Amino acid sequence: MLSLNFYGGVNQIGGNKIFLRDSDTGLFLDFGTPYSIRGNYFEEFLNPRPGAGLLDLLELGLLPSLKGIYRPDLVPATK
């Protein structure tokens, strides 16, 4: 059965993130930055740390924490 999960972009500008799953196959569509949330943490000259991989974005909720979606070398090890 096909399922759709929305992780951003609903009732906001930017940051549309949709996860489609059918049985054991999934597709994650990421269409950008949620401007209202990003503006709480970053501005023109303050951005996520380049060497932190996806850590800053995951910790601040700018990306949903979805196991097995992101490149393993960019995701922090779980404790």
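The values are calculated or read from the model by the stated rules, or taken from the named source; none is laboratory data. Keep in mind it's a predicted model, so treat the numbers as computed, not measured. Note that each Cβ is placed from the backbone with ideal geometry, even for glycine, and that neighbours are counted across all protein chains shown.
Conditions (1) exposed (fewer than 15 other Cβ atoms within 10 Å of the Cβ); (2) under 15 Å from the mean Cα position of the chain (by Cα); (3) among the basic types (Lys, Arg); (4) more than 18 Å from Phe6 (Cβ to Cβ), marked per residue:
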residue: Arg21; (1), (2), (3), (4): yes, no, yes, no
residue: Phe28; (1), (2), (3), (4): no, yes, no, no
residue: Tyr35; (1), (2), (3), (4): yes, yes, no, no
residue: Asn47; (1), (2), (3), (4): yes, no, no, yes
residue: Leu62; (1), (2), (3), (4): no, yes, no, no
residue: Val75; (1), (2), (3), (4): no, yes, no, yes
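Under 7 Å by Cβ, and 6 or more places apart or on different chains, what pairs join a residue from region 29-54 that is in contact (Cβ under 8 Å) with a residue 40 or more places away in the chain with one that is of a type in the set (Ser, Thr, Tyr)?
Once the first residue is in contact (Cβ under 8 Å) with a residue 40 or more places away in the chain and sits in region 29-54, no partner that is of a type in the set (Ser, Thr, Tyr) comes close enough.
Looking at this structure, is Asp56 part of a helix (DSSP H, G or I), more than 10 Å from the chain's Cα centre (by Cα), of a type outside the set (Gly, Ala, Ser) and loosely packed, with under 14 Cβ neighbours inside 10 Å?
No.
Which members of region 63-79 meet the condition of being modelled with pLDDT under 80 and of a type in the set (A, V, I, L, M, F, W, C)?
Ala77
Enumerate the pairs (first residue in region 11-23 and aromatic (Phe, Trp, Tyr); second residue anywhere and crowded, with 16+ Cβ neighbours inside 10 Å) with beta-carbon separation below 7 Å, excluding pairs fewer than 6 apart on the same chain, so at least 6 apart or on different chains.
Between residues of region 11-23 that are aromatic (Phe, Trp, Tyr) and residues that are crowded, with 16+ Cβ neighbours inside 10 Å, the close pairs are Phe19/Tyr7; Phe19/Phe28.
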